[in-house]
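Here is the structure we will look at, set down as structure tokens.
The values are calculated or read from the model by the stated rules, or taken from the named source; none is laboratory data. This structure is a prediction, so every number in the text was calculated from the model and none was measured. Using ideal geometry, Cβ is built from the backbone for each residue, glycine included, and neighbour counts are taken over all protein chains shown.
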Amino acid sequence: MDTAMPTNEDLAKLRREYSMRGLLEHELAADPLAQFHAWLDEALAHGLIEPNAMTLSTTDATGQPWSRTVLLKTCDSRGFVFFTNYDSHKGEQLAHDPRCALTFWWNALERQVNIIGTVEKVSRPETEAYFALRPASSCLGAWASRQSSVLPDRAALEAAMEKARALHGESPPAPPHWGGYVVRPAVIEFWQGRQSRLHDRLRYTRTADDWRIERLAP
Ligand SMILES: Cc1cc2nc3c(=O)[nH]c(=O)nc-3n(C[C@H](O)[C@H](O)[C@H](O)COP(=O)(O)O)c2cc1C
């Protein structure tokens, strides 16, 4: 196996022309969530690995941005729903400042979607309904892992998992510190890669009663 590190020159030369297709105004749905669904359906049909993976960015109390990947689990007229630990770093940050950003990068389709918006917690019944669909081991993991806290070692996590199993058995309830957030979008931008870096960028911005659509320079 070649273990040579890529040089900075190698990185500088990495370059790909995007040429699959364009995105024109007349192709867009009037509602960005309908447009998102159309793109998500194509990503699913294309067999992309985890097409529902999205980068979630939040800011802490000092204004420092943080990012991590989470999975989109519902997308409807409210917006984009993901599930997590409310006591995690992201949970603390969203409690302090509910504004956030989401990014999808569907490389095989040469597409990116950027969203900014504000989160709200979903209802407890919605969390419980989703939790009931998860495999038992994932449910126990939600009890065992104090997400984002420092662990002394791997053994401590495995011991916490055994404790959770002994306590809750094979059908644990949703932990009170675990649940969903819905990101209510204020802006959604659809990006389609084009040749010579002349990409298509079409941005929807929420107005009082509708969405404004604008083209942005790439
Ligand atoms: C593909 C992928 C999907 C993930 N999905 C989730 C998710 O849906 N919810 C979640 O809490 N963490 C998910 N994670 C883990 C997060 O990226 C992150 O490590 C964790 O939520 C802790 O983040 P925090 O310390 O910033 O709060 C996922 C990671 C990857 C790579």
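Residues being within 14 Å of the ligand (Cβ to nearest atom) and either farther than 30 Å from N114 by Cα or at pLDDT below 95 (or both): count how many of those fall in the stretch 146-158.
Start the filter on the stretch 146-158 by keeping residues that are within 14 Å of the ligand (Cβ to nearest atom), which leaves 146-151, 157.
Among the residues that remain, those that are also either farther than 30 Å from N114 by Cα or at pLDDT below 95 (or both) are: 150-151, 157.
Result for the stretch 146-158: 3.
Taking residues in the stretch 77-92 that are within 15 Å of A174 (Cα to Cα) and among the small types (G, A, S), and partners anywhere that are modelled with pLDDT of 95 or more and crowded, with 18+ Cβ neighbours inside 10 Å, not one pair has Cβ atoms closer than 9 Å while being at least 6 places apart or on different chains.
Taking every residue in the stretch 40-60 that is closer than 10 Å to L102 by Cα and pairing it with any residue that is part of a helix (DSSP H, G or I) and aliphatic (A, V, I, L, M), at least 6 positions away or on another chain, the pairs with Cβ-Cβ distances below 8 Å are T58/L94.
Take the residues of the stretch 46-87 that are within 11 Å of the ligand (Cβ to nearest atom) and small (G, A, S): which is surrounded by the most Cβ atoms within 10 Å (Cβ to Cβ)? Out of the qualifying residues, it is S57. Between L102, L109, L133, which is touching a Gly at 6+ places or on another chain (Cβ under 8 Å) and either modelled with pLDDT of 95 or more or surrounded by 18 or more Cβ atoms within 10 Å (Cβ to Cβ) (or both)? L102 is the lone residue from the list that is touching a Gly at 6+ places or on another chain (Cβ under 8 Å) and either modelled with pLDDT of 95 or more or surrounded by 18 or more Cβ atoms within 10 Å (Cβ to Cβ) (or both).
For the stretch 88-99, name all the residues that are more than 30 Å from Q35 (Cβ to Cβ) and either more than 9 Å from the ligand (Cβ to nearest atom) or buried (at least 18 other Cβ atoms within 10 Å of the Cβ) (or both).
If the condition is that a residue be more than 30 Å from Q35 (Cβ to Cβ) and either more than 9 Å from the ligand (Cβ to nearest atom) or buried (at least 18 other Cβ atoms within 10 Å of the Cβ) (or both), then S88, A95, H96 are the ones that fit.
Scanning the stretch 159-179 turns up no residue that is part of a helix (DSSP H, G or I) and under 29 Å from I116 (Cα atoms).
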